[in-house]
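Novice: Here it is, the structure in full.
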Amino acid sequence: MAEENIVYIGNKPVMNYVLAVVTQMNSGTSEVILKARGRAISKAVDVAEIVRNRFITDIKLGTIDISTEEVSNREGSNSNVSAIEIHLNK
């Protein structure tokens, strides 16, 4: 999977990520992966549902992978953060 087919979900508004997914799908990409960690997971689900229900209704939900990643804090300690990958296929 090419790196340009991945949309990393962060602090921007939901519609920015929806536009990124729709743009990639309209440019001929057959699969886009949404990646998010922590509090952004719910935003990733929102992006997937908005794309599926409003913009590209024939898009299929592929695999959904959940995991836990270890992240270093500023204090030097490590904490676990949940992560999700949502695959959207045409």
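Nothing in this text is a laboratory measurement; each read-out follows from the coordinates by a stated rule. Please read all numbers here as calculations on a predicted model, not as lab measurements. Virtual Cβ from ideal backbone geometry, glycine too; neighbours counted across all protein chains shown.
Novice: What is the Cα centroid distance between region 31-53 and region 68-85, reported in whole angstrom?
Specialist: Result: 20 Å between the Cα centres.
Novice: Identify the trypsin sites (Lys or Arg not before Pro) of region 16-79 meeting these criteria: DSSP loop state and at most 15 other C-beta atoms within 10 Å of the C-beta.
Specialist: Those that pass, being in a loop and sparsely packed, are R74.
Novice: So which GluC sites (Glu not before Pro) in region 1-75 are both in a DSSP loop and have at most 14 other Cβ atoms within 10 Å of their Cβ? Walk me through the numbers on the way to the answer.
Specialist: Numbers: sites: E3, E4, E31, E49, E69, E70, E75; in loops: E75.
The qualifying sites are E75.
Novice: Just want to confirm a number: the relative contact order over the chain, from Cα pairs under 8 angstrom separated by 6+ residues, in percent.
Specialist: On the way: 146 pairs, mean separation 28.8, N = 90.
Relative contact order for the chain comes out at 32 percent.
Novice: Which value, in Å to one decimal place, does the Kirkwood hydrodynamic radius take for region 3-89 when every pair of different Cα atoms is included?
Specialist: That comes to 13.5 Å for region 3-89.
Novice: May I pose another question? Spin-label point model (7 Å from Cα, Cβ direction): what's the N73 to E3 distance in nm?
Specialist: Label-label distance for N73 and E3, simple model: 3.1 nm.
Novice: Using a Cα-Cα cut-off of under 19 Å, which aspartates and glutamates could be cross-linked to K60, ignoring same-chain neighbours fewer than 8 residues away?
Specialist: Reachable aspartates and glutamates: E31, D46, E49, E85.
Novice: Hey, another quick one. Taking the chain as the reference, fit the longest principal axis to its C-alpha atoms, fit the long axis of helix 14-26 to the helix C-alpha atoms, and give the angle between the two in degrees, 0 to 90, nearest 10.
Specialist: Orientation of helix 14-26: about 50 degrees from the principal axis.
Novice: To continue, here is another question. Between helix 41-50 and the chain, what is the angle of the helix's C-alpha long axis to the longest principal axis, kept within 0 to 90° and rounded to the nearest 10?
Specialist: Here the helix axis deviates by roughly 0 degrees.
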